[in-house]
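**Q** Below: one structure in structure tokens.
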Amino acid sequence: MSKLMIADLSAAQELDRREMSAVRGGNLGLWPVYYPTPSVKVDTTNFTASQLIGQSNDIVNETGNDVAFASDIHSTVNPVQKAKNTINF
């Protein structure tokens, strides 16, 4: 590596971008310098999922209770309760 000594500049002289780029040994400001970095691929499928479905259903059918001397009393109860847990990843 060679060294460059600039001794002929006055203390008040300023260098523009192009001149400073040349002094630093840069690329004259035309193209940005590219430093390649290693490519890292992260492929993880480890995860934890907690799921909880709590349901409660209390059905009381009291049709015809405390009825004396009655006939043809009908009652139909069809409770439906559904739950679904899905994890898509």
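**Q** Is it the case, given these coordinates, that Met5 is surrounded by 10 or more Cβ atoms within 10 Å (Cβ to Cβ), of a type in the set (A, V, I, L, M, F, W, C) and at pLDDT below 75?
**A** Here the answer is no, as Met5 does not meet what is asked.
**Q** So which residues in segment 29-62 are modelled with pLDDT under 85 and either among the polar types (S, T, N, Q) or in contact with a Lys or Arg (Cβ under 6 Å, 6 or more places away or on another chain) (or both), if there are any at all?
**A** Correct list: Gly29, Thr37, Ser39, Thr44, Thr45, Asn46, Thr48, Ser50, Gln51.
**Q** Can I ask one more? For residues that are at pLDDT 65 or above and either assigned to a loop (DSSP other than H, G, I, E, B) or at positive phi (or both), tally how many sit in segment 12-28.
**A** 5
The values are calculated or read from the model by the stated rules, or taken from the named source; none is laboratory data. This one's a predicted model, so the numbers in the text were calculated from it and none came from an experiment. Counting neighbours? That spans all protein chains shown, and the Cβs are built from the backbone with ideal geometry, glycine included.
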